[in-house]
Amino acid sequence: MSVHVREVLQLPILDRAKLHTKLVPNQVEWISVIESPVENFVRNNEFVLSTGVGCTGGVEDLEGYVKDVIRSHASVLAIATGRHIYNIPDRVVKLAEEHNLILMEIPWEVRFGDILHEVFQLINLNKEEEKKRAESIRQELTNCVLNGKGLQEITEIVYQSTQIPIAISDHNKQVRANQDFDRYLIDALNGVEEITCTLESLVLQGDHPLAHYMEKYKIGEEVCYQLTILSNYKKQGYLLVQPHTESELDWMALTILDHALTACALYFVKENAIEMTEIRLKDNFLLELAKTEREIAPSLLSKAQLLGYDLDRDYICLMGQIHQKPNSNDSTPAETSTYQSTSIQSRNYYIQKEVTFAGGLLQRETMTTFDEGEVIIYLEVDQKTYSETARQFLDLIERRLDELLPGIIVLWGISSFKEGQYHFHSTYQEAKTALTMGGEKHEGRNRTFFNDTRMNRLLMVLSHEEEVASIVDQTLEKLVEYDAKRQTDLIHTFIVYNKYNSNVSQTARALNLHRQSLLHRLRNIEQLTGLSLLDADDLFLLELSVRLWMLKRIEK
């Protein structure tokens, strides 16, 4: 904190002082008595008192002393004349004037102690006034947030108090408030404008603690400063200021900016809390809508409308199960790092963002929630084109997620279209069934429509019959035990063999096996099951048993 030199010179104790240089707008932060040598005993903006006791050797000694005071960035040098120095030479006056050092002469009989007392009293009085003003601004900024006002009001208060252009951006570097700040500089900082943006070292006068956290950027010929808004060690956004000169960032300005940082952090915490509450309300509403068979009453429609949902449209349900890619360890280091550093919350945020983006692009309403590693989406569709719309929608999402989250894959189950409204529970059940039944056989694809699961649903019904279950167990018992004991995969071998219509060569290539190794496996299957792979009835029994056995595993 400082006072203007003009205020100091108006003190009664300095009525008899004689000013040798012109009055420049210097600030005084401290006052002390310093004789030669000066060394590093003088601080910035200091009022220096001297008797000249160390400068009795001539003009050169006095000139050297004044040079040392100038190098220390003092504001005022007052020399008591009448004992060691009787007059101040013109060359010394000229030197002081060239470097904006205010040089004055004090009569010998004026006591330094009295001057020190008066100046300290003035500085302390000014400090108290500035503290009261800073506290008033702090209270105003805090009340601004607590009373429901926003970031724009915060910038207005700061701008009115400092006259320094200011802007506030969130953690995504989107400008949320601006008061006379050059938007071109913001775009340059964010990389929108192709211009060199250099982070420079910052040396502010004074010892305000905020100065150590301020970043100085040079953009072309312009300079601006950035402060990071933090809350619980989490980056919430940025506060940008653009003073005309660095001297505008004095103690008072930095104190106001410090209070503005606190107000901004409070605002973002409040905004995040509101957003999280809204997300929880939406999640709970959609999960209840999906998992509970209930009548859609007018009160429920009103609640949906308050949350931004329109339930009167035609929707299908898409259910996605999120997995890490099996080959994600073979990804590039950057991709692996991206996946590992992505929390569940941020992963869900990206998925939610892409769902909204894809829905907007297709001009379709979407409703999204998450449930234990699964994403549930209701997508607005037309009856005739619902399957094509679903494919386009998932194409858009997956193309973007492959770039944002390269380490994950999402398996999708897609419900059928149901005529009429409010089929949220039934379409959810269909999407879940499609996902469950498609999860085991997604080779080369990751989407299963409910209408494509008719065979598996029929088999699922059969698998619950006791006699059918007994036949399956008898047929596959030894085969399952052999696979578990020897760590082999004879059941998978049969599935691939059946897929290629009993073609040995194609099956061997698909399994990356030598032909003789495959034939050995097929003989083992025949021996363990007692069935012949050349007999059509035996082949059908084995295929049916394997399918039912796999469906049982899925159901468990």
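The values are calculated or read from the model by the stated rules, or taken from the named source; none is laboratory data. In this text, all values refer to a predicted model and were calculated from it rather than measured experimentally. Methodologically, a virtual Cβ is constructed for each residue, glycine included, from the backbone with ideal geometry; neighbour enumeration extends over all protein chains shown. Areas reflect the complete protein model, heavy atoms only, side chains present, ligands, DNA and RNA absent. Shrake-Rupley method; radii C 1.70, N 1.55, O 1.52, S 1.80 Å.
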Quick tally, 1.4 Å probe accessible area for Val472, Val175, sorted with the most first, runs Val175, Val472
Note, Thr142: beta-carbon cut-off 13 Å, +1 each Lys/Arg, -1 each Asp/Glu, net -1
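Sort His4, His323 by accessible area with a 1.4 Å probe, largest first. Numbers along the way, then the final one.
Values: His4 45, His323 70 Å².
Result of the area sort, largest leading: His323, His4.
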Any chymotrypsin sites (Phe, Trp or Tyr not before Pro) in segment 1-92 that lie in a DSSP loop and have at most 11 other Cβ atoms within 10 Å would be Tyr86
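Nearest 5 percent is fine: what portion of the DSSP beta bridges confined to the chain is antiparallel?
Working: 48 of 65 bridges.
Around 75 percent antiparallel, to the nearest 5.
Of all accessible surface on the chain at a 1.4 Å probe, what whole percent is carbon and sulfur? Walk me through the numbers before you get to the answer.
Details: 14430 of 30470 Å².
Roughly 47 percent of what the probe reaches on the chain is carbon or sulfur.
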Sorted by accessible surface (1.4 Å probe, heavy atoms of the protein chains only), largest first, Lys432, Lys485 come out as Lys485, Lys432
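Probe of 1.4 angstrom, ligands and nucleic acids ignored: what's the accessible area per residue over the chain, in square angstrom?
Numbers: 30470 Å² over 556 residues.
That works out to 55 Å² for each residue.
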Placing each pseudo-label 7 Å from Cα in the direction of the beta carbon, Gln474 and Glu419 end up separated by a distance in nanometres of 4.6
Taking r as the C-beta separation of Phe357 and Gln527 and R0 as 56 Å, the FRET efficiency to the nearest 0.05 is 0.50
Taking Cα pairs closer than 8 Å and at least 6 residues apart, the relative contact order of the chain in percent is 8
Helix 386-404: inclination vs the chain longest Cα principal axis, degrees, rounded to 10, gives 50
